[in-house]
1. For the stretch B:8-74, take every pair of Cα atoms, bin their distances at 10 Å starting from 0, and report each bin as a whole percent.
2. Can you tell me the orientation of helix A:165-186 relative to chain A, as the angle in degrees between its alpha-carbon axis and the longest Cα principal axis, to the nearest 10?
3. Against the longest alpha carbon principal axis of chain A, how many degrees, from 0 to 90 and to the nearest 10, is the axis of helix A:135-162 turned?
4. Compute the length gained on full extension between residue A:136 and residue A:386: take 0.36 nm times their separation in residues and subtract their Cα-Cα distance, giving the result in nm to one decimal.
5. Can you compute the modelled spin-label distance between residue B:169 and residue A:173, with each label point 7 Å from Cα toward Cβ, in nm?
6. Just the ratio, please: alpha-carbon radius of gyration of the stretch A:1-69 over 2.2 N^0.38 Å, N its number of residues.
7. Distance from the Cα centre of the stretch A:351-385 to that of the stretch B:168-214, in angstrom?
8. What fraction of the Cα pairs in the stretch A:3-233, stated in percent, has a spacing above 28 angstrom?
């Protein structure tokens, strides 16, 4: 078997895996209710940007957009296409492994090209129409972004494999700052920055290809990436619930929880209904990643409502409320599916009221912030009073809707 | 009678049965040992009793509707974000137990198992033995009529094991039944009243030690281990 044949086989395996995942999670309803409306709204929004209809991009600075570009450059990952079983045989065939390594870098460069092109096409109206960049400058800027993204992919993985956790984080932060400064400088000095980026890319390739791969670390990173992606998708499934990577690893956990440190009881009554309410509230507040996700979602949502033009705001507002409800449902299903509940024969408990109450509780803070943002943007100060009331009613309806679609018979 | 089990078939589906023809019952105060090698079907039998198996044709009959079981698994399970005390509070709340009753029951258990200094800590930071003790404390807190215990001797220190068996003895004296799945045949021989020997998803022999030795039918047979080997060879 040649290196190319091995790479082809691994790539096929990789795509088969994601295809199976897609078949499991994306059916026609997802297309009808999410993807198609999203594409229609997105296309219409994109055309509006080219026609300079929305006025909000006029308030966006070029520095801010460069930061967005740098953030998107930071995202992304690629695979080594190694398997655990390779240690038995393939790992000893160093030529084959080196060839596999070269092909995976080539594949990564191709995928990065597609992703960068797509992204640069999407944000092009802001740069060309609102910042008045000419097409050639923007093309050179896009090439620079692509070269830097490819180098970042190589360096990020290499740093993750060879450096300690904090050194890795610090190095990546430093790299992103350098990238931001380079993009900033490219506005006035594009050719020079292009040359520097090529030097960075070539150096990264030399670094990566000259060092022998670390087998177990490569496998670990591949597995971690695959799990994160898989579980993020499966999060939508009623029985699987939230992604596992959102639970903290044991070495991050301190002996006592950060909140309710002395196991203070939230409800004085000892009944199953209050037990579940307390369980939901305490576990949610103590899962730092969940709290972070909730806050990111809420503040990200507020930013979207503020930034998007008039009628889109209402649409986004409704979608956000729906997603917060979905998030609450995922969380509920995860908690009530825990094996701890199988330890005892509990008396059957009616939990629909508990789930409804918990969903409402989870939705209210985000809903309130979304409503204030929407109300103020649409109707000024009057909106701050009226829209939250509508938001509460909608949240309660959505909470009731989702609470009828969860596991309630324990 | 505490429980009557009649399983025709159980497993991952009708076409994939793992165990078949499992029939036995547990009387009040009886300690029944569920024995067998890896893959014999012990865990599937327990899952069938807990009703967490995908497919089961048969019945598991508790002789009192209000009867409760407590399951002590080999691998401790708990909520990562709840403290030891909150697990106790949750379990007590699920049984609608008053706070006084909960404290009366749980304080001596915490002292016996030496966990009273870590009640506000998260079990995820405990050693496996400590986590196992938490499972035991929760089971004794609700005082069920049936204890289902999977490999109880793995992870416990000798003192904790002795205390656990003493507490179990006390519960049996009060009428609770116990189903214990284990590989440790010598310990099982010493403490169980009744044995169920399983192999390849079926019961190959059951009864008292005398019944098992008789079923093995050899004059040289003196221990449960010897008879188990003979019975396994026969099947």
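Bear in mind these aren't lab numbers, they're just calculated from the coordinates by the rules spelled out. Everything quoted here is computed from the prediction, not taken from an experiment. Glycine gets a Cβ as well: all are built from the backbone with ideal geometry, and neighbour counts include every protein chain shown.
1. 18, 52, 28, 2
2. Long axis of A:165-186 versus the principal axis of chain A: about 70 degrees.
3. 80
4. That works out to 85.1 nm of additional length.
5. 6.0
6. 1.84
7. Their Cα centres are 58 Å away from one another.
8. Roughly 42 percent, once rounded to a whole number.
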